[in-house]
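Structure first, then comments.
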Amino acid sequence: MAETEKPMSETFAYYAQLTVDGLAQGAIYALMAIGFAVIMGSLDLVTFTYGEVVMLGALAGGYYGVAVLGLGIWLSLLLGFAAAWLAGMLIDAICYRRWPGGPPEVWLITTIGISTVLKSGAQVLFSTEQEFVPDVMDGMWEMGDLRVLHIQVLIVGVLLFLSGALWLFLGRTRLGLQLRAVSMDKTAAALLGVRVQRVMTIGNAIGCALGGVAGALLGVYYNSVFAIMGGVAGIKAFAAAVFGGLTSIPGAALGGLLLGVLENLGVDLFSSGWRDIIGFGVMIIILLIKPSGLLGRKGAERI
Amino acid sequence: MISRLARLAREERAALLALLGAALLAFPLGFRENNYLLRIAINIFLYAILATSLNLINGYSGQFNIGQAGFYCVGAYTAAILATRHGVGIWLALPLCGLAASAASLLLGIPTARLKGIFLAMSTLGFSEIIRLIVLNGGEFTRGPMGIPGIPPASLWGWELRTNFHMYYLALALAALTVLVSANVLDSRIGRAWIAIREDELAARAMGIPTVRYKIYNLAFSTFWAGVAGCYYAFLSNFISADSFHLDEGFVILGMVLVGGLGSLAGPLIGAAILVVIPEIFRFLAEYRLILYGVAILITMHLRPQGICGGGVMDIGDAGGVRDGEDPPDSGAEPAAGGEGA
């Protein structure tokens, strides 16, 4: 499609359009990656089930919120947030609490276990097919050849709002301070009277909830949700977070946006079947050449 | 109870193995026409090969691979392409498929040899999915989503192995071969190097083990057997498509190793048997098959983290509970069953 001869300005507009679409998609990845970075980078909780949490958010917000209950976009996003929060508490109770500070392999295994349960459970209880999610807003702005959908602006707005809220929470509240203390040194935090276990539970729930909102946005943006979307979503979140350095929340946001743009340009170069290969490929390449990511501080010591 | 059984099993190992072998050889004679039972047994052997191959990595060299399905896929597609387009028979295809999977593993192993934990796990997962997506988008070569039908049946000296009865013995032989060769390699210099890497990579390197090279050997050796299993699967089912090699397949294999016990030779065999048979007993739970695997992994981790006959790899009694010191899981109550190697 891009190969046909076009005037220069049109080609430019074409790539500008791809970049805009990529940024919108990247904003969703960024939100997923931020949640993931809160769980994995800050709390040192190894999670494999994040993709399934995103999927639950998409089912709750995107499907039940928008398509079934007709709640409108804001309440639906809230529903996705709440559902993923609950899932986060459940995961904490089953996968983490029994082994405080335990070897990460155990958490890896338990979260693989629960991820299988959640995914197959969703397939059995929900549906094995793609389910349709109607449009919540269908307007667009046109600037010359460039189209910007309202929904794309909404996605970026939600990303900005939630990352701002997270920044305020981490910087201005007592619990946020405790969370940062736990992320730096759990033993020292415990000695200073921080209830480490509880803070980790809440931090994990917050990270999951952000993923749930991202899932609801995915459902709304692509007009579909399905039970096995979590596998790819989880790897995308991981890839974007690794891209940005895993421990760094701004890095995760940047990584998500870059991944979205790269994917869109890559799809243009190859074909849409290769979309996910690009994501995985980027992840493996980043792990190889710069495992500490773009903005990471201590990624290297994990390798 | 379990420890007494384990002691008995250790003392009477040769006799028990002979008895088991005889039973497995005789089993199909009584059920020659019972394709249902034969298929279950064949599945157990097939997964036993896959789980044993994964255990070589996760259990012995202590790395964390969850993408074994990708190499299984490579083996199956190599077999299908060789058999349908080049007329290669199963006997030549088996080693070739193993080698193809090993070659593919180098693409993963060489770049990721320095990664650990979830970084390695995610890379193996991504690689497995990349293989499946490449197969799915492979155009004429892999026939994309249509899969490859019409794989001719295996034959031996002009004698076609068409029935499940024949394929049972082939699967049994391959599973036995996998375990025997693995046991011998694990008992060799290379195998001990793997175990040393698992126990303490830094110490292993200090003792002069080139850890990166040995980890690459480890992955290549393990994936060889996954490729062999893929080849067998292609000849067994006559038709393969990328759908059979989802990430879930990798989790199923991982579940078998974890439930059976990491780092013991018997573990993956027992895990494969249990996780193949349970869904068959609870037929009404067929839909919930994968949920069952997930629950099995979780229950194992909560009740017996080293697996049914684990070799002490998941010995989290010491490492866990350090911080809060509450509820230490009982450790050291029983000697690790199974042991290392033969």
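Quick note: the coordinates plus some simple rules give every number you see, no bench work behind them. Computed from a prediction, not measured in an experiment: that's the story for all the values here. Using ideal geometry, Cβ is built from the backbone for each residue, glycine included, and neighbour counts are taken over all protein chains shown.
Data for the structure
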| read-out | value |
| --- | --- |
| Amide H contacts of A:MET140 (H built 1.01 Å from N, under 5 Å, at least 5 apart or other chain) | A:HIS150 |
| Label-point separation in nm, B:GLU160 to B:ASP200, each point 7 Å along Cα→Cβ | 6.0 |
| Placed amide H near B:ILE240: partners under 5 Å, 5+ positions off or other chain | B:ILE148 |
| DSSP loop GluC sites (Glu not before Pro) with at most 15 other Cβ within 10 Å excluded, longest remaining stretch of chain A | A:130-303 |
| Of A:LEU175, A:LEU125, A:LEU59, the one that fluctuates the most in a GNM where chain A has Cα springs shorter than 10 Å | A:LEU125 |
| Top of A:GLY279, A:GLY212, A:GLY157 by mean-square fluctuation, Gaussian network on chain A, Cα under 10 Å | A:GLY157 |
| Estimated [θ] at 222 nm from DSSP helical runs (n ≥ 4, -39500 (n - 2.57)) normalised by residues in chain B, nearest 500 | -22000 deg cm²/dmol |
| Mean residue ellipticity (222 nm) of chain A, computed from DSSP H runs ≥ 4 via -39,500 (n - 2.57), nearest 500 | -22000 deg cm²/dmol |
| Inter-centroid distance (Cα atoms) of segment A:220-291 relative to segment B:22-75, Å | 34 |
| Over segment A:30-231, equivalent-ellipsoid semi-axes from the Cα gyration tensor in Å | 31, 21, 12 |
| Computed E for B:LEU107/A:ARG174 - FRET, C-beta separation, R0 51 angstrom, nearest 0.05 | 0.55 |
| For segment B:33-245: Kirkwood Rh in Å [reciprocal of mean 1/r, alpha carbons] | 17.6 |
| The protein assembly as shown: C-alpha pair distances exceeding 49 Å, % | 14 |
| Ranked list, fewest to most other Cβ atoms within 10 Å of each Cβ, for B:ILE118, B:ILE297 | B:ILE118, B:ILE297 |
| Under DSSP loop assignment and at most 16 Cβ neighbours within 10 Å, longest GluC sites (Glu not before Pro)-free interval of chain B | B:141-325 |
| Extended-chain gain in nm, criterion 0.36 nm per residue less alpha-carbon gap, B:ASN34 and B:HIS86 | 15.4 nm |
| Residue-by-residue Karplus 3J(HN,Hα) for segment A:175-189, coefficients 6.51, -1.76, 1.60, Hz, glycine and proline x | 5, x, 5, 4, 5, 5, 4, 4, 5, 7, 7, 5, 5, 4, 4 |
| Whole-Hz ³J(HN,Hα) from phi, Karplus 6.51 cos²θ - 1.76 cosθ + 1.60, for segment A:209-219, glycine and proline x | 4, 4, x, x, 4, 4, x, 4, 5, 4, x |
